[in-house]
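Worksheet for the structure shown next.
The values are calculated or read from the model by the stated rules, or taken from the named source; none is laboratory data. The model shown is predicted, which means the values in this text are computed figures rather than measured ones. Backbone-built Cβ (ideal geometry, glycine too); neighbour counts: all protein chains shown. With ligands, DNA and RNA removed, areas are computed over all heavy atoms of the protein, side chains included. Shrake-Rupley method; radii C 1.70, N 1.55, O 1.52, S 1.80 Å.
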Amino acid sequence: EAEVPRITVEEAKAALDSGAAIIVDVRSQAAYDTSHIAGALFIPLGEFETNISNIDLPKDQWIITYCT
């Protein structure tokens, strides 16, 4: 976890707005349903960690995950 790069909200927004990134919400379904970043994909953390090879994500974009 310490090796995972961190970025600012401003950097994430700029990447999303330019089309360079997609946002993936890895929180619970209830948290996603209550509120999430517009356009964010929902992929629960457990699935993201254990089934990443079966998740169809673009290879040409930066994938930004968030959990809080």
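For the reader, a short list of remarks on this structure follows.
- Test: A20 is in contact (Cβ under 8 Å) with a residue 12 or more places away in the chain and surrounded by 15 or more Cβ atoms within 10 Å (Cβ to Cβ): no
- Some residue of the stretch 20-35 being of a type in the set (S, T, Y) and in a loop (DSSP other than H, G, I, E, B): yes
- Residues in the stretch 1-46 that are over 17 Å from W62 (Cβ atoms) and of a type in the set (S, T, Y): S28, Y32, T34, S35.
- Residue satisfying all of: in the stretch 30-56; open to solvent by less than 60 Å² (accessible area, probe 1.4 Å) and at pLDDT below 90; nearest to the chain's Cα centre (by Cα) among these: F48
- Which numbered condition V4 fails, given (1) assigned to a helix (DSSP H, G or I); (2) without any contact (Cβ under 8 Å) to a residue 24 or more places away in the chain: (1)
- Of all residue pairs spaced 6 or more apart or on separate chains, those with beta-carbon atoms under 8 Å, a first member in the stretch 40-52 that is on the phi < 0 side of the Ramachandran plot and a second member that is among the hydrophobic types (A, V, I, L, M, F, W, C) and open to solvent by 60 Å² or more (accessible area, probe 1.4 Å) are L45/C67.
- For the stretch 7-17, the set of residues classified as closer than 11 Å to Y66 by Cα and either open to solvent by less than 70 Å² (accessible area, probe 1.4 Å) or assigned to a loop (DSSP other than H, G, I, E, B) (or both) consists of I7, A12, listed by residue number.
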